[in-house]
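Here is the structure we will look at, set down as structure tokens.
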Amino acid sequence: MFQVFRFAVEEINNSTTLLPNVTIGYHLFDHCSDAHNFPAILHFFSHSSSITAAEEYNHHLPNVIGFTGPFSSTQTITLAPLFMMDLIPMVNYGAGSSTLSDKLVYPSFVRTVPSNKDQIELIIHIIKHFGWNWVAFIGSNSAYSEDGSQLFFELTKNTGICLAYRELLADTAKLDTVFHNITALNINIIVLFTEQLFAEEIISSALQLNFHNKVWIASEAWAMNQQLRKLSEIKTAGTIIGVVPTVVSLPGFEEFVYQSQHSGDSVHIDEGSCNQACVNCSSVSPEDVISENPTYSFPIYSAVYTMATALHNALQCNQSGCNKSHIVYPHMLLHEIKLLHFPLNQINVTYNKHLDPPAHYIIVLWDTKDYPAVIREIGTFHNGPHTDFSIDDKLIDWHGTGMVPFSNCSVECKPGSVQVQNNMHQCCFSCVKCPRNHYTSHTADLYTCLACGEDEWSDAGSTSCQKRSMEYLHYSDAFSVFLLLSASFLMLLCVGVAVLFAMHHSTPVVRSAGGSMCYLMLSCLAAATTSAFFHFGEPSALSCAVLNWTFIFFYTVCLSCLFVRSLQIIVIFKMATHLPRAHALWVKHNGQWLVVAAMSLLQLLVCATYMATGRAVPVRDTASFKDQILLTCSVNNMATTIVGIILLCIISALCFCFSYMGTDLPKNYNEAKSITFSILLFYLSWVVYFTAYILSSSKVVQVVKVVVDLCSLYGVMVTYFIPKCFVIVFQPLKNTQEYFQTSIQSYTQTISRM
């Protein structure tokens, strides 16, 4: 270090452009202890061999106007307050503690090495680059290590990196326990953030204690250590990756060292002082000086040039010389340093608002296949306006299998699973698969299963959601077209039968079928058929309100007519004989219409109650199918629906019973077979529907409902009306008064013989 300092001073003094006609000098001392060196430090502050307390700094001219060093953070933090009082620039080349960046406490502290904060950020970049999150931090009890430890703890928050173990050692006595704890915790990555000499002791002890095959991340203080790389056992340590400020060559330095050695340069020291350890340093060869750790060579070199360039500007130097009459106070030199921006050996020397330089690092790997180990550059890091970090993974020959070592508390969860933290460390977790209709997004949240939207779905363990299909009966579906055509045909059939009956209104067949009541039945069949159309298309408030009750009400009216038709025949052929008075009242008051009206009004009352208290509304069924949303109608008032269906079943049962009672009537008036068949078809169809309703909730149930409704309606049309139409059209001889009279006489003769 001293030789680099001397080289920079000699180079400046020999320059014709920097400080021309000005020769800079220096006082040099070795800071071997605070107690022994305070007299020398106080000498720097003196003016004419005296120190005046509380003198204004802008009029105070101490013995020196600038200071470089000391090397370590601990020494610097001890001495710095003395320089800060008079704003004497303290340009440091080795102290990285981030505490020194606080300009309120250290206003005149300048350094040419990056802050520990930059170094720790780079180490975190390296750890994240290789996917590690379970690391140990080892340091000494120095200010340098303590600052690094605190920074590492703070900067790793919210990065996914867990500080599994941390130890700041006063000495190496506890290393056996430290290594045992690291092994027990299954930690493979160790950040060794300490000074060079202490790092040598720790690595040497690790090799002696068979603590092998780890990844050591070396701080800048020992990343280029020349002693450790010469150890024969260093290859068993594992993989050593270091961070080093960019090493800049110093042209002419080697020649300077050789010339200094050959000229017999030595430094005179006073007896009893703590300065220079040897008189002429003859035991140190030029090769030893040149091969020394180059980490801090350029920081020392640039520290000298920083003060010289600032002094050049303060003295208002130009090509003709400098203004030597101009008195330069320390605070003036500090002001010029803050404004500096100059090139030096292809490096731009400048300082930020904290008087720290930009961080320019190289990342090195100790190649232990060779002996001694060769230190190779594998990456770079710059934190100028934009952070630039790069590592060439192909240049790394990992220990062991050659693969990147694993150092994670837990294995990463597979896609579709989230982390459930097991203990205080966020890196230690169990993996839980996300349930259905949830997904994971590891870029957004590692710990939460995110719910899919209502219109989306996913299987368990998914990483994304898919769009659900909207399911309802589309008009364009093949079966929808068939059912719509069937319903339309039935309505046309009702109209056709009504027209045919109107054309033959006075004939016996039409009169025996019910006369005017046939038109009511046909109208109700056509009206009930319209309910089929409301099942298709996207459900609306109107379609949901009327689709079921349109069928129920009009089919009830139709069944009431069939019931009355059966009852009326019984009245005519049986009641007239046995109950003549009751028959007379029935005929006088149009009993058949009263019964139809009563039953229809009763069902209409149930229907009105349903519409008033809880009509069906459109709903989106998202629970029945994982990948579909079933658009259907809710049943908000089940009680009225059940009452309406029960009433319909009672009327159908009565209709069935009375039609069966008329099986012995004249054939022209006997509707037992046709009504019985239609009622049985009604029952069978609805049994199929309720079975499908219970077993399934898909849109197939809606299709079945339409089929059931049409079957019930077609049953009445085919079994009751079509045979009569056949007689009217194809058997006109059976549609005469004489034919019907003959049938009645035959029935009367049969009854009289009984």
Can you find, within segment 285-316, the residue that is surrounded by the fewest Cβ atoms within 10 Å (Cβ to Cβ) among those that are in a helix (DSSP H, G or I) and polar (S, T, N, Q)? 313
On the basis of being more than 30 Å from residue 293 (Cα to Cα) and either of a type outside the set (Lys, Arg) or surrounded by fewer than 13 Cβ atoms within 10 Å (Cβ to Cβ) (or both), does residue 382 make the cut? no
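Every residue, every condition in (1) of a type in the set (Gly, Ala, Ser); (2) touching a helix residue (DSSP H, G or I) at 6+ places or on another chain (Cβ under 7 Å); (3) under 30 Å from residue 596 (Cβ atoms); (4) in contact (Cβ under 8 Å) with a residue 60 or more places away in the chain, yes or no:
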{"residue": "623", "(1), (2), (3), (4)": "yes, no, no, no"}
{"residue": "629", "(1), (2), (3), (4)": "no, no, no, yes"}
{"residue": "633", "(1), (2), (3), (4)": "no, yes, yes, yes"}
{"residue": "638", "(1), (2), (3), (4)": "no, no, yes, no"}
{"residue": "647", "(1), (2), (3), (4)": "no, yes, yes, yes"}
{"residue": "652", "(1), (2), (3), (4)": "yes, yes, yes, yes"}
Can you name every residue in segment 437-454 that is surrounded by 14 or more Cβ atoms within 10 Å (Cβ to Cβ), more than 8 Å from the chain's Cα centre (by Cα) and either free of Cβ contacts under 8 Å to residues at least 24 places away in the same chain or assigned to a loop (DSSP other than H, G, I, E, B) (or both)? 437, 451, 452
Can you list the helices (runs of 4 or more DSSP H) lying wholly within segment 533-617 that have 2 or more residues being modelled with pLDDT of 85 or more and of a type in the set (A, V, I, L, M, F, W, C)? 541-570, 591-614
Given the criteria β-branched (Val, Ile, Thr), in contact with a helix residue (DSSP H, G or I) (Cβ under 7 Å, 6 or more places away or on another chain), assigned by TED's automatic domain parsing to the domain that holds residue 712 and surrounded by fewer than 21 Cβ atoms within 10 Å (Cβ to Cβ), does residue 530 qualify? yes
Right, residue 257: in a loop (DSSP other than H, G, I, E, B) and either over 17 Å from residue 374 (Cβ atoms) or at pLDDT below 90 (or both) or not? no
From the set of residues in segment 46-67 that are surrounded by 14 or more Cβ atoms within 10 Å (Cβ to Cβ) and under 60 Å from the mean Cα position of the chain (by Cα), which is modelled with the lowest pLDDT? 57
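Here's the yes/no breakdown for (1) hydrophobic (A, V, I, L, M, F, W, C); (2) part of a strand (DSSP E or B); (3) touching a Lys or Arg at 6+ places or on another chain (Cβ under 6 Å); (4) assigned by TED's automatic domain parsing to the domain that holds residue 101:
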| site | (1), (2), (3), (4) |
| --- | --- |
| 363 | yes, yes, no, no |
| 372 | no, no, yes, no |
| 381 | yes, yes, no, no |
| 390 | no, yes, no, no |
| 397 | no, no, no, no |
| 402 | no, no, no, no |
| 425 | no, no, no, no |
| 431 | yes, yes, no, no |
Pick out the one residue from 687, 708, 716, 700 that is under 44 Å from the mean Cα position of the chain (by Cα) and either surrounded by 16 or more Cβ atoms within 10 Å (Cβ to Cβ) or among the aliphatic types (A, V, I, L, M) (or both). 700
Does residue 92 satisfy the condition of being assigned by TED's automatic domain parsing to the domain that holds residue 334, touching a Leu at 6+ places or on another chain (Cβ under 9 Å), within 21 Å of residue 198 (Cβ to Cβ) and among the polar types (S, T, N, Q)? yes
Tell me which residues, restricted to segment 430-447, are farther than 28 Å from residue 622 by Cβ and in contact with a Phe, Trp or Tyr (Cβ under 8 Å, 6 or more places away or on another chain). none
Exactly one condition in (1) under 21 Å from residue 124 (Cβ atoms); (2) surrounded by 17 or more Cβ atoms within 10 Å (Cβ to Cβ) is not met by residue 377; state its number. (2)
In segment 213-227, anything within 11 Å of residue 293 (Cβ to Cβ) and buried (at least 18 other Cβ atoms within 10 Å of the Cβ) is listed as 220, 221, 222, 223, 224, 225
Which pairs have Cβ atoms under 6 Å, sit 6 or more apart or on different chains, and link a residue in segment 605-621 that is exposed (fewer than 15 other Cβ atoms within 10 Å of the Cβ) to one that is assigned to a strand (DSSP E or B) and among the hydroxyl-bearing types (Ser, Thr, Tyr)? none
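Yes/no per residue for (1) closer than 30 Å to residue 435 by Cα; (2) free of Cβ contacts under 8 Å to residues at least 40 places away in the same chain; (3) in a helix (DSSP H, G or I):
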| residue | (1), (2), (3) |
| --- | --- |
| 475 | no, no, no |
| 495 | no, yes, yes |
| 498 | no, yes, yes |
| 510 | no, no, yes |
| 528 | no, no, yes |
Those residues of segment 332-353 which are touching a residue at least 24 places away in the same chain (Cβ under 8 Å) and either surrounded by fewer than 13 Cβ atoms within 10 Å (Cβ to Cβ) or touching an Asp or Glu at 6+ places or on another chain (Cβ under 8 Å) (or both), in sequence order: 339, 346, 353
Going through segment 152-180 in order, the residues found to be among the charged types (D, E, K, R) and in contact with a strand residue (DSSP E or B) (Cβ under 7 Å, 6 or more places away or on another chain) are 166, 167
Taking segment 71-86, which residues are within 16 Å of residue 147 (Cβ to Cβ) and in contact with a His (Cβ under 6 Å, 6 or more places away or on another chain)? 75
Based on this model, can you work out whether residue 35 counts as among the small types (Gly, Ala, Ser), modelled with pLDDT of 65 or more and assigned by TED's automatic domain parsing to the domain that holds residue 84? no
Inspect segment 323-339 for any residue being part of a loop (DSSP other than H, G, I, E, B) and among the polar types (S, T, N, Q) and give the result as yes or no. yes
Would you please name the residue that is surrounded by the fewest Cβ atoms within 10 Å (Cβ to Cβ), looking only at residues in segment 481-526 that are farther than 27 Å from residue 739 by Cα and out of contact with any helix residue (DSSP H, G or I) (no Cβ under 8 Å at 6 or more places or on another chain)? 485
Which condition does residue 220 not pass, out of (1) more than 17 Å from residue 364 (Cβ to Cβ); (2) at pLDDT 90 or above; (3) of a type outside the set (Phe, Trp, Tyr), if it passes all the others? (1)
Residue 420: under 17 Å from the mean Cα position of the chain (by Cα), under 22 Å from residue 186 (Cβ atoms) and modelled with pLDDT of 85 or more, yes or no? yes
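The values are calculated or read from the model by the stated rules, or taken from the named source; none is laboratory data. As the structure is a prediction and not an experimental result, all values here were calculated from the model. Positions of Cβ are generated from backbone atoms using ideal geometry, with glycine treated the same way; all protein chains shown enter the neighbour counts.
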